[in-house]
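Chemist: This is the structure I want to talk about, given as structure tokens.
The values are calculated or read from the model by the stated rules, or taken from the named source; none is laboratory data. From a predicted model like this one, the values you see are computed outputs, not experimental measurements. Don't worry about glycine lacking a Cβ; one is built from the backbone with ideal geometry, like all the others, and counts go over all protein chains shown.
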Amino acid sequence: MARKSSFHSVALLMLIPVTGFVLFLGYRFFRDQLIRTPAAGRAKERASAISLPRPAPVPEAKPKAVPPRRPARHIAGEPGSIALILDDVGFDHQPLASAMRIDPHLDFSILPNAANAAAFAETLHRNGFEVLCHLPMEPLDYPRESPGAKAIMISMDDDRIAELTREDIAAVPHAAGVNNHMGSRATRDPRVMAKVLGALPPGMFFIDSRTTTGSVGERLAHEMNIRTGSRHVFLDDVQSEAAVRQQLASLAAAARRDGVAIGIGHMYPVTIRVLTEEVPNLRAEGIRFVRASEAVQ
């Protein structure tokens, strides 16, 4: 009985190292598997990194150039602006004080051969008004209709046209621009108009009164880089209140259509009376009154 018990004890003692050896081998096997797998994964990553081409670098985005803003175009039907010019200024008994009360942006075009040309120009300038030289020029029906002394005639040579233009402008102190008085013949002549425009002082603008549809004044002024514009409506060819009101309505319609319209009237009592009554109404409708220098391009 004692011998059998000793046999069992020896057998158990022998199993312990065998079991330990088996466990050691199992541990080695599982450890090697765990280590081999991540290494293979890392090798794949290295192979991928070497074999795949790098993507081309993306250039840094640059801000887009913003085109220069252009002035907003006028929308037809909006109120628009009107430049009003009163011609033939400079004579006795003209209602100058009443005209100055119509609107501070009203322009007065003074005839250089008028008796009160310099005095009226000084008065208007002192009161903040813009002054134009109303340059006398030859009409189609000359001599039956005369533009007065010191007028530009197509028979003059180039030097005389330039000289007389400068003299006429000098006779109207503070003149900011020029528009033609009569001139239905002279403004159709490219030679004459080129000499007139070339004699204007730097910065002076020209408004074509459009006494004839054949005038080349505005076109030549543009070509010579002189600020220019042209008359849309004559207010008082017919001197009656009804006619002047109708023409003023046409001028307002042109301003709504084109954005800016130039109207020309005269120092007639009926014209001053209608403008005094109607200009505040047009302002209330949103129409702006601007100086002639603001209406040219």
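Chemist: Of these, A253, A242, which one is farther than 17 Å from V290 by Cα and among the small types (G, A, S)? Explain how you work it out, then say what you get.
Modeler: Numbers: A253 fails: farther than 17 Å from V290 by Cα.
From the options A253, A242, the qualifying one is A242.
Chemist: Please work out which residue is nearest to the chain's Cα centre (by Cα), limiting yourself to the range 283-294 and to residues that are part of a helix (DSSP H, G or I) and over 16 Å from L86 (Cβ atoms).
Modeler: So in the range 283-294, the residues part of a helix (DSSP H, G or I) come out as 283-284, 292-294.
Narrowing further to those that are over 16 Å from L86 (Cβ atoms): 283-284, 294.
On the way: R283: 23, A284: 25, E294: 11 Å.
Residue satisfying both the conditions and the ranking: E294.
Chemist: Looking at the range 97-109, can you tell me whether even one residue there is touching a Cys at 6+ places or on another chain (Cβ under 9 Å) and not in a loop (DSSP other than H, G, I, E, B)? So that I can check it myself, show each step before the final result.
Modeler: Going residue by residue through the range 97-109, those that are touching a Cys at 6+ places or on another chain (Cβ under 9 Å) are 109.
Keeping just the survivors that are not in a loop (DSSP other than H, G, I, E, B) gives 109.
Yes; the residues of the range 97-109 include at least one that is touching a Cys at 6+ places or on another chain (Cβ under 9 Å) and not in a loop (DSSP other than H, G, I, E, B).
Chemist: Let me ask something else about it. (1) closer than 22 Å to D208 by Cα; (2) in contact with a helix residue (DSSP H, G or I) (Cβ under 6 Å, 6 or more places away or on another chain); (3) among the aliphatic types (A, V, I, L, M); (4) crowded, with 20+ Cβ neighbours inside 10 Å: which one isn't true of A255, the others all being true?
Modeler: The number of the failed condition is (2).
Chemist: What number of residues within the range 268-284 satisfy the criterion of being within 21 Å of R210 (Cβ to Cβ) and either in contact with a Cys (Cβ under 8 Å, 6 or more places away or on another chain) or buried (at least 22 other Cβ atoms within 10 Å of the Cβ) (or both)?
Modeler: From the range 268-284, those within 21 Å of R210 (Cβ to Cβ) are 268, 271, 275; that's our starting set.
Next, only the ones that are either in contact with a Cys (Cβ under 8 Å, 6 or more places away or on another chain) or buried (at least 22 other Cβ atoms within 10 Å of the Cβ) (or both) stay: 271, 275.
Going through the range 268-284 one residue at a time, the tally reaches 2.
Chemist: Being farther than 13 Å from L111 by Cα and within 24 Å of the chain's Cα centre (by Cα) is the requirement here; does G203 meet it?
Modeler: Numbers: farther than 13 Å from L111 by Cα: yes; within 24 Å of the chain's Cα centre (by Cα): yes.
The answer is yes for G203.
Chemist: Still on this structure, please answer the following. Restricting to the range 133-173, name every residue that is among the small types (G, A, S) and closer than 23 Å to L86 by Cα. If you could, list the steps in order and put the result at the bottom.
Modeler: Filtering the range 133-173 for residues among the small types (G, A, S) gives 146, 148-149, 151, 155, 162, 170-171.
Once the filter is applied, which keeps residues that are among the small types (G, A, S) and closer than 23 Å to L86 by Cα, the range 133-173 yields S146, G148, A149, A151, A170, A171.
Chemist: Let me ask you something else. Which condition number in (1) small (G, A, S); (2) within 30 Å of T165 (Cα to Cα); (3) more than 27 Å from the chain's Cα centre (by Cα) is the one that G217 fails?
Modeler: (3) is the only condition that G217 fails.
Chemist: Being among the β-branched types (V, I, T) and touching a residue at least 40 places away in the same chain (Cβ under 8 Å) is the filter; apply it to the range 202-252 and report the residue that is surrounded by the most Cβ atoms within 10 Å (Cβ to Cβ). Talk me through it step by step, then tell me what you get.
Modeler: Initially, the range 202-252 is screened for residues among the β-branched types (V, I, T), giving 207, 211-213, 216, 226, 228, 233, 238, 244.
Applying the additional criterion that residues be touching a residue at least 40 places away in the same chain (Cβ under 8 Å) yields 207, 211-212, 228.
Details: I207: 28, T211: 23, T212: 19, T228: 22.
So the residue we want is I207.
Chemist: Only one of (1) surrounded by 13 or more Cβ atoms within 10 Å (Cβ to Cβ); (2) under 17 Å from M267 (Cβ atoms); (3) within 34 Å of the chain's Cα centre (by Cα) fails for N127. Which number is that?
Modeler: (1)
Chemist: Checking A114 against (1) more than 28 Å from V290 (Cβ to Cβ); (2) assigned to a loop (DSSP other than H, G, I, E, B): exactly one of these is not met. Which one?
Modeler: (1) is the only condition that A114 fails.
Chemist: Which residue, of P104, P147, is surrounded by 14 or more Cβ atoms within 10 Å (Cβ to Cβ) and either hydroxyl-bearing (S, T, Y) or at pLDDT 95 or above (or both)? Lay out the reasoning, then the answer.
Modeler: Numbers: P104 fails: surrounded by 14 or more Cβ atoms within 10 Å (Cβ to Cβ).
Selected residue: P147, the only one of P104, P147 that is surrounded by 14 or more Cβ atoms within 10 Å (Cβ to Cβ) and either hydroxyl-bearing (S, T, Y) or at pLDDT 95 or above (or both).
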